1. Looking at (1) in a helix (DSSP H, G or I); (2) under 16 Å from the mean Cα position of the chain (by Cα), which one does A44 not meet, given that it meets all the others?
2. Here are A71, A104: which of them is under 18 Å from R16 (Cα atoms), in contact with a strand residue (DSSP E or B) (Cβ under 7 Å, 6 or more places away or on another chain) and either in contact (Cβ under 8 Å) with a residue 12 or more places away in the chain or of a type in the set (G, A, S) (or both)?
3. Of the conditions (1) surrounded by fewer than 17 Cβ atoms within 10 Å (Cβ to Cβ); (2) out of contact with any helix residue (DSSP H, G or I) (no Cβ under 7 Å at 6 or more places or on another chain); (3) over 23 Å from S151 (Cβ atoms), V108 fails just one. Which one is it?
4. As an exercise: evaluate Q119 against (1) of a type outside the set (D, E, K, R); (2) part of a helix (DSSP H, G or I); (3) in contact (Cβ under 8 Å) with a residue 40 or more places away in the chain; (4) surrounded by 21 or more Cβ atoms within 10 Å (Cβ to Cβ) and give the number of the one condition it does not meet.
5. Which residues, taken from the range 153-171, are more than 16 Å from W34 (Cβ to Cβ) and either in contact with a Leu (Cβ under 9 Å, 6 or more places away or on another chain) or buried (at least 18 other Cβ atoms within 10 Å of the Cβ) (or both)?
6. Quickly run through the range 127-152 and pick out the residues that are exposed (fewer than 12 other Cβ atoms within 10 Å of the Cβ) and part of a strand (DSSP E or B).
7. When L112 is evaluated against the numbered criteria (1) part of a helix (DSSP H, G or I); (2) in contact with an Asp or Glu (Cβ under 7 Å, 6 or more places away or on another chain), which criterion, by number, is the only one it fails?
8. Which one is nearest to R129 (Cα to Cα) among residues in the range 90-109 that are out of contact with any Gly (no Cβ under 7 Å at 6 or more places or on another chain) and part of a loop (DSSP other than H, G, I, E, B)?
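Only the coordinates and a few stated rules stand behind these numbers; no lab work does. Since we're looking at a predicted model, the values are computed, not measured. Here the Cβ is made from the backbone with ideal geometry for all residues, glycine too, and neighbour counts use every protein chain on show.
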Amino acid sequence: MEITRGGPGDVPAIMRMLDDAQDWLASQGRTGQWGTDHWSGVPASVARFTALATTGTVWLARADGDGGEVAGVVITSTTAAEYVPAADEPEHYISLLVIARAFAGRGVGAALLDHALAQARAAGVGLVRVDCYDGDDHRLVAYYEKQGFTSIGTFTARNGTWPGRLLGRRV
């Protein structure tokens, strides 16, 4: 696996990974996180992820080096999402982390997070934050905690219908 720089041209691959992850969650009855309508079929969602890929920094994990299949993506930004409190210091904010289902459980997410942390450290930034869904079984929160992130607090988004957790990690 190699981690390479991506960009807006990778949005179709990102949307496929999001749709596949959504299908997987729905197959387990876990629709609270992302619902049941594919992101790729909602123009506002495609525009949102295109904006993230345009304004943020996109890193792709490729299965077999530069030309291989995209196994996962992390997008970071220097500004947090609008629904969480701003940090009181410079930060790198993980706007998206998604892994292709075919590569789940192979350490792709951990490798992308490690890369994002290394990029923050190289930029002289001491804080990396991420938010995630904090409903149902809390497995996503547990995943980030396993990766060394600690809880900063909870919040709700989408008019109070989406429970979230903000986590951070010092680098």
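1. Single failed check for A44: (2).
2. On the way: A104 fails: in contact with a strand residue (DSSP E or B) (Cβ under 7 Å, 6 or more places away or on another chain).
Testing whether each residue is under 18 Å from R16 (Cα atoms), in contact with a strand residue (DSSP E or B) (Cβ under 7 Å, 6 or more places away or on another chain) and either in contact (Cβ under 8 Å) with a residue 12 or more places away in the chain or of a type in the set (G, A, S) (or both) leaves just A71.
3. Exception for V108: condition (1).
4. Failed condition: (4).
5. G153, T154, F155, L166, L167, G168, R169, R170, V171
6. T150
7. So L112 meets the others, but not (2).
8. Let us first name the residues in the range 90-109 that are out of contact with any Gly (no Cβ under 7 Å at 6 or more places or on another chain), namely 90-94, 96, 101-102, 104-107.
Of the ones still in play, those that are also part of a loop (DSSP other than H, G, I, E, B) are 90-91, 104-107.
Numbers: P90: 11, E91: 7, A104: 22, G105: 22, R106: 23, G107: 20 Å.
Top of the filtered list is E91.
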